Amino acid sequence: MTEEEYDVFLNQEFDNKYGRSFVDQMKTIYTVGENGKYEKPWYAIQAIRSHEIFTCAARRNVRWMSQYSDVYFYEFQKANGLIEALVPMVGAL
């Protein structure tokens, strides 16, 4: 996937749902390329999907539970190399 295809992906996935300003925000958070946070678009998409599936759902649950009790939300980030080890096995690059 090229950086141009990555831009197309972001537009197709999020523009209709959340609007143009959201897509622009995504592009600044999940930067790709030589000077970006992610070396390849595939890694940025993995991060986007992980946040979408796990973090967003956890935040919704925390907000709901906070009505009834004090709630703390933690997000741990540790690069352990698992994705890098598995990606060549599934041919995703």
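Here are a few things to note about the model shown:
- The residue of segment 1-27 that is surrounded by the fewest Cβ atoms within 10 Å (Cβ to Cβ), among those that are among the aromatic types (Phe, Trp, Tyr) and under 14 Å from the mean Cα position of the chain (by Cα), is Phe22.
- Residues within segment 28-44 that are surrounded by 18 or more Cβ atoms within 10 Å (Cβ to Cβ), under 10 Å from Tyr6 (Cα atoms) and out of contact with any Phe, Trp or Tyr (no Cβ under 7 Å at 6 or more places or on another chain), tallied: 1
- Boolean, Phe73 is modelled with pLDDT under 80, on the phi < 0 side of the Ramachandran plot and open to solvent by less than 90 Å² (accessible area, probe 1.4 Å): yes
- Candidate set from segment 45-68 (those that are modelled with pLDDT of 90 or more and open to solvent by 70 Å² or more (accessible area, probe 1.4 Å)); member that is farthest from Phe9 (Cα to Cα): Tyr68
- Contact map, segment 50-71: residues that are more than 21 Å from Tyr30 (Cβ to Cβ) paired with residues that are part of a helix (DSSP H, G or I) and not hydroxyl-bearing (Ser, Thr, Tyr), Cβ distance under 8 Å, separation 6+ or inter-chain. Pairs shown: Val71/Val62; Val71/Met65.
The values are calculated or read from the model by the stated rules, or taken from the named source; none is laboratory data. All of these numbers come straight from a predicted model, not from anything done at the bench. As a convention, Cβ positions derive from the backbone with ideal geometry for all residues, glycine included, and neighbour counts pool all protein chains shown. Protein only, heavy atoms only, side chains kept; ligands, DNA and RNA dropped before computing areas. Shrake-Rupley method; radii C 1.70, N 1.55, O 1.52, S 1.80 Å.
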